[in-house]
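The values are calculated or read from the model by the stated rules, or taken from the named source; none is laboratory data. Remember, predicted model here, so these are calculated numbers, not experimental data. No Cβ is skipped: glycine too gets one built from the backbone with ideal geometry, and neighbour counts run over all protein chains shown. All accessible areas refer to the heavy atoms of the entire protein, side chains included, with ligands and DNA or RNA removed. Shrake-Rupley method; radii C 1.70, N 1.55, O 1.52, S 1.80 Å.
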Amino acid sequence: MKRFLLLIYILSLALFAHGNTLAEYSDIKESSSFRIMGEIDLRTEKDYSAEVKYRTLNHEGGMKVTVLEILKRDVQNNEPGNWFYVLLTSPLWVYGGEWIEKYQKFLIFLPDDTPICDFED
């Protein structure tokens with residue numbers, strides 16, 4: 001019985017730690033706000049061939065964004081996903097130790113298997 005309760009406790013922690021995961025990428029619309037979990041390349045130019053300016057760290061809070069524009073479906077590094085033009089809605093650390101302030105716009109590519117979670121403003 002103790003093992004069963006421990007298992008339930010661990011599963012409930014996992015659910016609360018990640019928030020509400022969006023069910024489908026089709027749920028993403030312009031003006032959608034969510035957290036992106038994992039490492040993401042940030043381009044400061046709205047150009048698919050632009051150089052990656054920053055790479056986010058995979059930190060607990062994720063990268064909070066609002067979608068400004070849904071651009072196109074594509075395949076990058078053999079991974080299918082979508083290009084989005086987003087507004088950063090919270091500051092974050094990136095590789096190299098730089099601190100990126102909120103309210104900056106970035107072009108990002110999100111592979112289909114990237115964890116994204118709802119958040120409340």
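Things worth noting here:
- Unmet requirement for residue 94, which otherwise passes all of (1) open to solvent by less than 50 Å² (accessible area, probe 1.4 Å); (2) under 12 Å from the mean Cα position of the chain (by Cα); (3) without any contact (Cβ under 8 Å) to a residue 60 or more places away in the chain: (2)
- Filter pass, residue 77 being in contact (Cβ under 8 Å) with a residue 40 or more places away in the chain, within 10 Å of residue 109 (Cβ to Cβ) and either exposed (fewer than 13 other Cβ atoms within 10 Å of the Cβ) or out of contact with any Pro (no Cβ under 6 Å at 6 or more places or on another chain) (or both): no
- Filter pass, residue 72 being in contact with a Pro (Cβ under 7 Å, 6 or more places away or on another chain) and either open to solvent by 70 Å² or more (accessible area, probe 1.4 Å) or in contact (Cβ under 8 Å) with a residue 12 or more places away in the chain (or both): no
- Residue count, region 106-121 (criterion: more than 14 Å from the chain's Cα centre (by Cα) and touching a residue at least 24 places away in the same chain (Cβ under 8 Å)): 1
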